[in-house]
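What follows is a set of notes on a single structure, which appears directly below.
The values are calculated or read from the model by the stated rules, or taken from the named source; none is laboratory data. These numbers come from a predicted model, not from an experiment. Methodologically, a virtual Cβ is constructed for each residue, glycine included, from the backbone with ideal geometry; neighbour enumeration extends over all protein chains shown.
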Amino acid sequence: MSKKKTDLSNSLKEPLSRGIEIASLLETEDVLELPFTNFEEACKGVLEGACHLVSARKGALFIKEEESRSLELKASLLENGEEEEAQILASLEDFLSTPEKVFLFSPPTKIAVKLAKKSLEKDLSGTGRREFSFQERDKFFGLLYLERPRSFEDKDFEVLESFLNYAVPHLRHTKLFELAALDKKTGFFARSQLLHLLDGEIRLAKKVSTPFAVIMADIQSFKTINKEKGETIGDMVLSQFGRFVRKNIRKEDTPIRYGGDEFLFLLPCTGEQGAKIFCRKLYRLLQDQRFTEENVSLTLNMGISLYPIHGEEAEKLITRADEALTVAKEKEQPFVVWNANIGTAPHSDRLLGIITGDSAKDYRNVMMLLDTIVAVNSTLDYKNLLSIILDMMLEMTHSERSFLFIQNSNSVLEPILGQDFMGREIEIKDYPREVIQKAANEGMTYTEEDLEAEDPQSFRRMQKLGIQSFMCVPLLVRDRVNGVVYVDSRTKKKEFRSQDKIFFHALSREIGIAIEHARLYEENLRAKEEVEKLNQQLKEKLNQQASELEKVKGTLDANLRELGRKYNYSNIIGKSPAIQEIFSLLDRITESDVPVLIIGESGSGKELVAKAIHYNGPRKDKRFVSINCAALSDSLLESELFGYVKGAFTGADQDKKGLFELAHGGTIFLDEVGDMSLKMQKELLRVLQEGEIRPVGGKEIIRVNVRVIAATHRNLRDMIETGDFREDLYYRLNVIQLRLPPLRERMEDIPLLAQKF
């Protein structure tokens, strides 16, 4: 017997028969050997092991979900499926909501007692049906249901107790691993596990001398699915896609969610043909599969890298697969790329080299990126910014010299600044010029390794210059090369890895944009200084003529106002801009025949404006009559407006025409209409609507054609809100509105008024 089995045997609380002990230990060992990576498989193994131990024909395993705190079925050997599951859950509902340790099952002859530390409660009913509640660290974790034709015996409880004491911790560990290491949506491994898993495959492949494949896949047009169907449907598609893939790949294959809609598959013991077969199979299976009720179909682009053909390091294999995927995505149809001669392709993943899956390295890279962004955006002084950039490049690369080249308007690279690791400005010389130009032309980062592989002759010239290592990074602004940063070391060789190149290539965008902003800012400053200089010269010339121009302007303005005025407003005193605006408005409305509402304070000249409208308008040959509505009671106002007949009231010795009748064909001016009572407002509204009046005490209807000009110093809008003025009357009167400025707003007219009066 193995040491593992002996240890488990010694842990049993009471002696078991030899056969039972062996069965329990073997079943426990099988469960403990289940993989940590699949919680559902672990639950299924525990249920099958328990059933096998006690010869149970039916069973179910429920686990309490931490978030919902409800039981969910994780494994089942029930005949009626959902029906029996519902019955079991219903019987447990009250038990879960109370602190009681005893719960009753249906039929009532069965009872179970939940113990605080033991995994198993004895069946008190003797019917042979049994529920086992197990706990871990005194915390309720789930429930195991078992059923068999004959009753359970003490030895069954002992075996199950021993079994569950080892199985439950395994389940908890598997659950924790799933939460920490797996992607929630797809069930694939999370990106944080990538390097750990890939390094393990590399070590295994080296040990047994076998190849393996890394496949990077991208769901074609997944952004369109999110946009058209919504992100909720998109998440459901990813979840179902994950389950579908896990079901159809080998157990030894490892799926990883790389980010968004990109995935990695690690295929151990797989060469070129095996990788192609994997891709074709997955592509073919997806063609016949639809996801969610929306019947979403998915297709994949895939890029393949092979160990050891494309590299023996994790970074090189990932980079190679990423480049192959980028080439595949350029095709109109879903495509698989694996061949070695894809050239230098751009990267599908812009965070490749920055976010690696190694927490410590990712933190360092992100902080370096953040520090650089903060530093380069902390100043707009062009020369100071360039010095900061070279300092940071030297610090991050641990190099000795750094040079900066900027492209001029003729697209020629000009040396701008050189700096050493002490921050001192140095002469720009003894560097591989052809590499600087090559980096600018191709927009790619180059190192001495690239130069040695592509141009051995230039590499030898570089060595003669005493350069041990260098890196040349193009500065990009909106995908256009704006310059180049060059760093090198001459006393010791600095190894720049592909990951470093990718990181600094990503960083170069921020640096390039910062330099461009600083350059534009400096150009704007120079342009501003030039403009200010020209403005000063112009200002001096203008000041020489200001006095004369002001006089001429005043004369011209007065003449233009007189010439441009259509009607005579000599009775209205004033030449201020405010009064001139009133004159212009009067010119536009005088020819019309619609009601006008004049708003202004007392003494602002409302009646003068009303007369100007009348005597310059088409009704000037007819009468202009006016009345102050605030000065009269309702009865007097009604008599004045509509007239009365003889005998209408005491003192009515003869008929009298009202102002509306007198103004027939002309204009009536209703001053302070805001002080009119609601009763009189109603009468006035009827006149405006019907165009007819009826004298007080009379029966005859008299048709009238009168232009109404009303005036008030009140805010009629506020009066409408308080119910003191009719809204319908307001709209009848307020067809055209004139606001007269008070004298305090046209102080320049005071001398003219004083002279007049």
Here are I467, I513: which of them is assigned by TED's automatic domain parsing to the domain that holds P415 and closer than 18 Å to P415 by Cβ?
-> I467
Of the numbered conditions (1) within 25 Å of S387 (Cβ to Cβ); (2) surrounded by 20 or more Cβ atoms within 10 Å (Cβ to Cβ), E448 satisfies every one except a single condition; which is it?
-> (1)
(1) in a loop (DSSP other than H, G, I, E, B); (2) at pLDDT below 75: which one isn't true of E79, the others all being true?
-> (2)
Qualifying residues in the range 148-184 (those that are over 23 Å from R243 (Cα atoms), of a type in the set (S, T, Y) and in a helix (DSSP H, G or I)) - the one farthest from the chain's Cα centre (by Cα) | S162
Hits in the range 703-730 (condition: hydroxyl-bearing (S, T, Y) and within 22 Å of L659 (Cα to Cα)) = T712, Y730
Given the conditions (1) more than 30 Å from G311 (Cα to Cα); (2) in the same structural domain as G274 (by TED's automatic domain parsing); (3) over 28 Å from the mean Cα position of the chain (by Cα), which single one is not true for R246?
-> (1)
In the range 653-689, what count of residues is obtained for those that are within 60 Å of the chain's Cα centre (by Cα) and not aliphatic (A, V, I, L, M)?
-> 10
Within the range 300-322, can one find any residue that is among the β-branched types (V, I, T), over 22 Å from K184 (Cα atoms), in the same structural domain as A205 (by TED's automatic domain parsing) and surrounded by fewer than 18 Cβ atoms within 10 Å (Cβ to Cβ)?
-> yes
Matching residues in the range 395-436 - criterion: being in a strand (DSSP E or B) and of a type outside the set (A, V, I, L, M, F, W, C) = R401, S402, Q407, E414, P415, G418, Q419, D420, E425
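Name the single residue that is modelled with the highest pLDDT among those in the range 15-70 being basic (K, R) and either under 54 Å from the mean Cα position of the chain (by Cα) or in a loop (DSSP other than H, G, I, E, B) (or both).
First, the residues of the range 15-70 that are basic (K, R): 18, 44, 57-58, 64, 69.
After this cut, where a residue has to be either under 54 Å from the mean Cα position of the chain (by Cα) or in a loop (DSSP other than H, G, I, E, B) (or both) as well, the list is 44, 57-58, 64, 69.
Details: K44: 87, R57: 83, K58: 81, K64: 76, R69: 66.
This residue is K44.
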Report whether or not A453 is on the phi < 0 side of the Ramachandran plot, part of a helix (DSSP H, G or I) and surrounded by fewer than 15 Cβ atoms within 10 Å (Cβ to Cβ).
-> yes
Only one of R519, R460 that is free of Cβ contacts under 8 Å to residues at least 60 places away in the same chain, in a helix (DSSP H, G or I) and of a type in the set (D, E, K, R) | R460
Please state which one of L752, L659, L688 is in the same structural domain as L637 (by TED's automatic domain parsing) and out of contact with any helix residue (DSSP H, G or I) (no Cβ under 7 Å at 6 or more places or on another chain).
-> L752
Among V237, V168, which is outside the structural domain of N301 (by TED's automatic domain parsing), among the aliphatic types (A, V, I, L, M) and over 13 Å from Y258 (Cα atoms)?
-> V168
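Given the criteria of a type outside the set (G, A, S), touching a residue at least 60 places away in the same chain (Cβ under 8 Å), outside any helix (DSSP H, G or I) and surrounded by 13 or more Cβ atoms within 10 Å (Cβ to Cβ), does L738 qualify?
Yes, satisfied.
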Spot the failing condition for D183; the list is (1) out of contact with any Lys or Arg (no Cβ under 6 Å at 6 or more places or on another chain); (2) modelled with pLDDT of 80 or more, and only one is missed.
-> (1)
Across the range 325-357, which residue is modelled with the lowest pLDDT among those that are in contact with a His (Cβ under 9 Å, 6 or more places away or on another chain) and among the small types (G, A, S)?
-> A340
Would you check which residues across the range 684-716 are more than 19 Å from V594 (Cα to Cα), without any contact (Cβ under 8 Å) to a residue 12 or more places away in the chain and among the basic types (K, R) and list them?
-> K699
Restricting to the range 471-493, what's the tally of residues that are in contact with a strand residue (DSSP E or B) (Cβ under 6 Å, 6 or more places away or on another chain), of a type outside the set (A, V, I, L, M, F, W, C) and not in a loop (DSSP other than H, G, I, E, B)?
-> 6
Kindly indicate which of L171, L197, L160, L164 is aliphatic (A, V, I, L, M) and at pLDDT 85 or above.
-> L197
Does any residue of the range 686-695 turn out to be assigned to a loop (DSSP other than H, G, I, E, B) and either farther than 28 Å from E591 by Cβ or in contact with a Gly (Cβ under 6 Å, 6 or more places away or on another chain) (or both)?
-> yes
Are there any pairs with C-beta distances below 8 angstrom linking a residue in the range 268-296 that is outside the structural domain of V245 (by TED's automatic domain parsing) to a residue that is surrounded by 17 or more Cβ atoms within 10 Å (Cβ to Cβ), with the two at least 6 apart or on different chains, and if so which?
-> none
Within the range 589-600, can one find any residue that is without any contact (Cβ under 8 Å) to a residue 60 or more places away in the chain, more than 60 Å from the chain's Cα centre (by Cα), surrounded by 14 or more Cβ atoms within 10 Å (Cβ to Cβ) and more than 15 Å from L733 (Cβ to Cβ)?
-> no
Single condition I256 does not satisfy, out of (1) more than 14 Å from E201 (Cβ to Cβ); (2) of a type in the set (V, I, T); (3) not in a helix (DSSP H, G or I) = (1)
Any chance the range 226-243 includes a residue that's within 19 Å of L198 (Cβ to Cβ) and either in a helix (DSSP H, G or I) or without any contact (Cβ under 8 Å) to a residue 60 or more places away in the chain (or both)?
-> no
From S387, S489, S411, S402, residue being over 23 Å from I513 (Cα atoms) and not charged (D, E, K, R) = S489
